[in-house]
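The values are calculated or read from the model by the stated rules, or taken from the named source; none is laboratory data. This structure is a prediction, so every number in the text was calculated from the model and none was measured. Methodologically, a virtual Cβ is constructed for each residue, glycine included, from the backbone with ideal geometry; neighbour enumeration extends over all protein chains shown.
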Amino acid sequence: MSIEALLTALLASTIISSVALTIASLGEAIGESAGLLNLGIEGMMLISGFVGFWAALESNNLWLGFLASIVCGAVAGLIFGGLVVLAQADQVIVGLAMTLAGGGLSGYLFREAYGSNQPLLQGDLGRPLRHLGGGIPVIGPAIIGQKWIVFVTWALVPLVWWLLRRTRFGLEIRAAGERPFAADVAGVDVTRVRLLAAVINGAFSGLAGAALALAELGFFRPGITVGTGFIAIAIAMVGRWDPLRIAIAALLFGLLRSAGTWMQITGVNIRPEFLQMLPYLGVIVAIVILARGTRLPAALGLSYRRGIDRT
Amino acid sequence: MMLSGTRGRVTEATVGLLVSIAAIVIAFAIGALILVISGHHPLAAYQALIDRVSHLTGFSEVIVRAIPLALAASAVLLAVRAGIWNIGIDGQVLVGALACGVMAGKVAGHVPAPLLWIVSAGAAVIVAAAWAGIAGVLRARFGMNEIITTIMLNYVALSLTSWLVKGPLRDPTLVSPQTPLIPRPDRLPTWGTTRVHLGLVVALLIVIGLSVLFRRARFGLELRVIGENPRAARHAMLPVNRLIVLVMLISGALAGLAGANDILSTKGTFQSEWNPQYGFAAFALVFLAQRKPLGIVPAALVLGFLAYGADILPRVANVAPDFFDLLEGLILASLAVVGVAQMRWQRRSAATAPTPAQPAAPSVRETVV
């Protein structure tokens, strides 16, 4: 393999393998900004990924699959929000429960529907800009020629930034995450804002599940997320709830993960299991470095009852 | 005064028991609904499971599965009581199990069996405690949230143990990547014809030990203060950071014991890619036990029952094992929701001695990033 082909492969796999992670992290950043620590993303991604895969396979329409995933994720987010915001149950416990239940349900339904078969999705939604990058080396095939989900993901980055930093709703989200009591006094409906944030967080998890199963891989299998939902929580914190930083952190994580496979192709004699540790160690080191001078949203993990200031 | 105090404790325990039973019933009801929708006969499936368990062989298999879960739950419970979310049980079990397997392989044949158990379980405890200690130090030294670090360390542990057992620690005389198989006579003795083993006694002793710790010992009280009101703990000049590290060390040690239990009893070797994932079940277990050490015993039987169901129902009723993950999740979610009402009831009944409004997740609040 030529250097150019290797670089192209590394870049392309870095980008596509960080897509689901980026989307999930953006969703988690919205939730955490509103004071909701959602440990259930992994389960939400799994159940949405399955539902989208099933819908796409049955209807033979990938768009419908994506839509089903997003709706399923939003419903999962609504359940999470209902339990932690309305019923005021503990966020960590409900999150872990959703990861267990979502993973379990998706695995159960998959085996009910397909047994031990592994159906594959036929075709994909294509690469919209492919013809533009025809003559450009590396960047042409690896970036411009990417699947459309890549561009959707990149479009979501400024969109989420705009939502959180430039809209009234974004301000309300951050107020609900920092000082819910003060926000309430100022006339913000904290319950409504947090519920909406939970639904958006869920819808992003759903899209992330679809990105993985429908766009990146083209199939679903129980446990297919292999921890992406949990890594998203870490990436949201590494990126300090800033969409651009999150996107960069997710790309770096994807690079570290792809680098392992890449080094193997180039014949470097290191066992793959050793390289697989690196991205996770990278996250820990990144947080150690970034931990100084940052703090979590003040009301993260706290439920809010009207009239009681707990921050 | 004393009378009413005793009565209060009895009612609290009764309510806790009712809440746990309600959570199990809710979970099984929703589970039954899902079975019906997907074309199964839930009563037949549940009946098949109960039939199996009502025989000695079936029941003993439930106990076998309950033992490591009880040990892992002890690890979770100790941390939860101190307001620390140790989500890294899985990783701590893995590094502990590997250390145990390696140590047992080194000393097997040279020492009597009881010494082999102690030495290799000791190795598991030390290594797993050190592994969990990383997250403890990062929390105490840098204020890093242990939820994130312990989850990340799980993935590191999975790859690390897999790499070690395939590479540097590989036994070249064996075909598959694993530690040397511990011969049957050197493993924990079993009871009668069943697979129930000495680990049961260890697990029970640890549960009783935890109960005594929280009831009688100063250390137990300090942990409760950190867990319930970290600000007060700092004001009371408790060495909060040292205690956090200590909690993580002990929690990790207990998780390591769960790993050692499997290696020294049912498995006999550490194989790469083996990952029992006790962590999530342990969380469901601890909250089912109402965060009470002695509650771990009945709750472990429930979770052991689910684990056994996941192993046999695919064969007897054609229900995928994932169904039992769903049940665990439903139990945990039900407990979280019903727990809110329960906590309000407790506060109201304890109105004579008012407790300050407690943050739901003090550990999250105390950390940066």
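Return the residues of the stretch A:247-271 that are surrounded by 19 or more Cβ atoms within 10 Å (Cβ to Cβ) and more than 24 Å from B:Leu164 (Cβ to Cβ); say none if nothing qualifies.
Within the stretch A:247-271, A:Ala247, A:Ala249, A:Ala250, A:Gly254, A:Leu255 meet the criteria.
Quick one: which of A:Gly65, A:Gly102, A:Gly107, A:Gly82 is closer than 30 Å to A:Asp184 by Cα and either at pLDDT 95 or above or among the aliphatic types (A, V, I, L, M) (or both)? Can you show your working first?
Working: A:Gly65 fails: closer than 30 Å to A:Asp184 by Cα; A:Gly102 fails: closer than 30 Å to A:Asp184 by Cα; A:Gly107 fails: closer than 30 Å to A:Asp184 by Cα.
Unique residue meeting the criteria: A:Gly82.
Take the residues in the stretch B:270-286 that are within 12 Å of chain A (Cβ to nearest Cβ) and more than 11 Å from the chain's Cα centre (by Cα); name whichever of them is surrounded by the fewest Cβ atoms within 10 Å (Cβ to Cβ).
For the stretch B:270-286, the residue satisfying everything is B:Glu273.
Would you mention how many residues in the stretch B:138-151 are at pLDDT below 95, more than 8 Å from chain A (Cβ to nearest Cβ) and out of contact with any Asp or Glu (no Cβ under 6 Å at 6 or more places or on another chain)?
3
Please specify each residue of the stretch B:229-245 satisfying the condition of being surrounded by 17 or more Cβ atoms within 10 Å (Cβ to Cβ), at pLDDT below 85 and assigned to a helix (DSSP H, G or I).
B:Pro230, the sole residue that qualifies.
How many of the residues making up the stretch A:10-56 are modelled with pLDDT under 95, among the hydrophobic types (A, V, I, L, M, F, W, C) and touching a Phe, Trp or Tyr at 6+ places or on another chain (Cβ under 9 Å)?
Of the residues in that region, 1 qualify.
When B:Leu188 is evaluated against the numbered criteria (1) within 23 Å of the chain's Cα centre (by Cα); (2) within 14 Å of chain A (Cβ to nearest Cβ); (3) assigned to a loop (DSSP other than H, G, I, E, B), which criterion, by number, is the only one it fails?
Condition not satisfied by B:Leu188: (2).
Given the structure, is B:Ser265 surrounded by fewer than 24 Cβ atoms within 10 Å (Cβ to Cβ), among the small types (Gly, Ala, Ser), touching a residue at least 12 places away in the same chain (Cβ under 8 Å) and more than 12 Å from chain A (Cβ to nearest Cβ)? So that I can check it myself, show each step before the final result.
Numbers: surrounded by fewer than 24 Cβ atoms within 10 Å (Cβ to Cβ): yes; among the small types (Gly, Ala, Ser): yes; touching a residue at least 12 places away in the same chain (Cβ under 8 Å): yes; more than 12 Å from chain A (Cβ to nearest Cβ): yes.
Criteria met by B:Ser265.
What is the one condition in (1) farther than 30 Å from B:Val225 by Cβ; (2) within 14 Å of chain A (Cβ to nearest Cβ); (3) without any contact (Cβ under 8 Å) to a residue 24 or more places away in the chain that B:Asp51 does not satisfy?
It is condition (2) that B:Asp51 fails.
Every residue in the stretch A:74-116 that is of a type in the set (Val, Ile, Thr) and at the interface with another protein chain (Cβ under 8 Å from one of its Cβ atoms), please.
At the first step, the residues of the stretch A:74-116 found to be of a type in the set (Val, Ile, Thr) are A:75, A:79, A:84-85, A:92-94, A:99.
If the condition is that a residue be of a type in the set (Val, Ile, Thr) and at the interface with another protein chain (Cβ under 8 Å from one of its Cβ atoms), then A:Val92, A:Ile93, A:Val94, A:Thr99 are the ones that fit.
Which ones in the stretch A:258-306 are more than 7 Å from every other protein chain (Cβ to nearest Cβ), in contact with a helix residue (DSSP H, G or I) (Cβ under 9 Å, 6 or more places away or on another chain), over 25 Å from A:Glu216 (Cβ atoms) and in contact (Cβ under 8 Å) with a residue 40 or more places away in the chain?
Those that are more than 7 Å from every other protein chain (Cβ to nearest Cβ), in contact with a helix residue (DSSP H, G or I) (Cβ under 9 Å, 6 or more places away or on another chain), over 25 Å from A:Glu216 (Cβ atoms) and in contact (Cβ under 8 Å) with a residue 40 or more places away in the chain: A:Pro297, A:Ala298, A:Ala299, A:Tyr304, A:Arg306.
For A:Leu252, are the conditions met, namely being at the interface with chain B (Cβ under 9 Å from one of its Cβ atoms), among the aliphatic types (A, V, I, L, M) and within 22 Å of the chain's Cα centre (by Cα)? Break it down stepwise before answering.
On the way: at the interface with chain B (Cβ under 9 Å from one of its Cβ atoms): no; among the aliphatic types (A, V, I, L, M): yes; within 22 Å of the chain's Cα centre (by Cα): yes.
Considered against the rule, which asks whether it is at the interface with chain B (Cβ under 9 Å from one of its Cβ atoms), among the aliphatic types (A, V, I, L, M) and within 22 Å of the chain's Cα centre (by Cα), A:Leu252 comes out as no.
Is there a residue being surrounded by fewer than 23 Cβ atoms within 10 Å (Cβ to Cβ), under 17 Å from the mean Cα position of the chain (by Cα) and either part of a helix (DSSP H, G or I) or not charged (D, E, K, R) (or both) anywhere in the stretch A:99-115?
Within the stretch A:99-115, none of the residues are surrounded by fewer than 23 Cβ atoms within 10 Å (Cβ to Cβ), under 17 Å from the mean Cα position of the chain (by Cα) and either part of a helix (DSSP H, G or I) or not charged (D, E, K, R) (or both).
Looking at B:Ser334, B:Ser272, which one is in contact (Cβ under 8 Å) with a residue 60 or more places away in the chain, in contact with a Lys or Arg (Cβ under 6 Å, 6 or more places away or on another chain) and not aromatic (Phe, Trp, Tyr)?
On the way: B:Ser334 fails: in contact with a Lys or Arg (Cβ under 6 Å, 6 or more places away or on another chain).
Just a single option satisfies the conditions, and that option is B:Ser272.
Could you list, ordered by first residue, the pairs with Cβ atoms under 9 Å in which the first is in the stretch B:291-318 and acidic (Asp, Glu) and the second is in a loop (DSSP other than H, G, I, E, B), at least 6 apart or interchain?
As it stands, the answer is B:Asp311/B:Pro321, since those pairs meet every condition given.
Which numbered condition trips up A:Asp242, out of (1) of a type in the set (D, E, K, R); (2) within 21 Å of the chain's Cα centre (by Cα); (3) surrounded by fewer than 16 Cβ atoms within 10 Å (Cβ to Cβ)?
(3)
Only one residue in A:Asn117, A:Asn61, A:Asn38 is in contact with a helix residue (DSSP H, G or I) (Cβ under 9 Å, 6 or more places away or on another chain), of a type outside the set (D, E, K, R) and without any contact (Cβ under 8 Å) to a residue 12 or more places away in the chain. Which one?
Details: A:Asn117 fails: in contact with a helix residue (DSSP H, G or I) (Cβ under 9 Å, 6 or more places away or on another chain); A:Asn38 fails: without any contact (Cβ under 8 Å) to a residue 12 or more places away in the chain.
Just a single option satisfies the conditions, and that option is A:Asn61.
Got a number for residues in the stretch B:293-321 being surrounded by 22 or more Cβ atoms within 10 Å (Cβ to Cβ) and facing another protein chain (nearest Cβ under 9 Å)?
1
Any idea which of (1) assigned to a helix (DSSP H, G or I); (2) under 30 Å from A:Ile287 (Cα atoms); (3) touching a helix residue (DSSP H, G or I) at 6+ places or on another chain (Cβ under 7 Å) is the one B:Trp85 doesn't satisfy?
Condition not satisfied by B:Trp85: (1).
Return the pair list, or none, for Cβ contacts closer than 7 Å from residues in the stretch B:152-179 that are within 10 Å of chain A (Cβ to nearest Cβ) and under 15 Å from B:Val127 (Cβ atoms) to residues that are surrounded by fewer than 24 Cβ atoms within 10 Å (Cβ to Cβ) and β-branched (Val, Ile, Thr), at least 6 apart or on different chains.
Qualifying pairs under 7 Å: B:Leu153/B:Ile134.
Just for the stretch B:162-185: of the residues that are among the hydroxyl-bearing types (Ser, Thr, Tyr) and more than 22 Å from B:Ile118 (Cβ to Cβ), which one is nearest to the chain's Cα centre (by Cα)?
Our first condition is that a residue be among the hydroxyl-bearing types (Ser, Thr, Tyr); within the stretch B:162-185, this holds for B:162, B:173, B:176, B:179.
Okay, now just the ones that are also more than 22 Å from B:Ile118 (Cβ to Cβ), so B:162, B:173, B:176.
Numbers: B:Ser162: 22, B:Thr173: 34, B:Ser176: 29 Å.
Among residues in the stretch B:162-185 that are among the hydroxyl-bearing types (Ser, Thr, Tyr) and more than 22 Å from B:Ile118 (Cβ to Cβ), the one nearest to the chain's Cα centre (by Cα) is B:Ser162.
Being surrounded by fewer than 23 Cβ atoms within 10 Å (Cβ to Cβ), modelled with pLDDT under 95 and within 21 Å of B:Gly220 (Cβ to Cβ), is that true of even one residue in the stretch B:30-43?
Checked against the condition, which is being surrounded by fewer than 23 Cβ atoms within 10 Å (Cβ to Cβ), modelled with pLDDT under 95 and within 21 Å of B:Gly220 (Cβ to Cβ), the stretch B:30-43 yields no hits at all.
Anything in the stretch A:194-227 that is surrounded by fewer than 24 Cβ atoms within 10 Å (Cβ to Cβ), in contact (Cβ under 8 Å) with a residue 12 or more places away in the chain and within 13 Å of another protein chain (Cβ to nearest Cβ)? List them, or say none.
A:Arg221, A:Pro222, A:Gly223, A:Ile224, A:Gly227, listed by residue number.
Quick one: A:Leu83 ticks every box in (1) over 16 Å from A:Gly202 (Cα atoms); (2) without any contact (Cβ under 8 Å) to a residue 12 or more places away in the chain except a single one, so which number is it?
(1)
If we scan the stretch A:121-136, do we find a residue that is touching a Pro at 6+ places or on another chain (Cβ under 8 Å), part of a helix (DSSP H, G or I) and free of Cβ contacts under 8 Å to residues at least 24 places away in the same chain? Step through it out loud before you land on a result.
Of the residues in the stretch A:121-136, the ones touching a Pro at 6+ places or on another chain (Cβ under 8 Å) are A:133.
Keeping just the survivors that are part of a helix (DSSP H, G or I) gives A:133.
Now narrow it down to the ones that are free of Cβ contacts under 8 Å to residues at least 24 places away in the same chain: A:133.
Yes: the stretch A:121-136 contains one or more residues that are touching a Pro at 6+ places or on another chain (Cβ under 8 Å), part of a helix (DSSP H, G or I) and free of Cβ contacts under 8 Å to residues at least 24 places away in the same chain.
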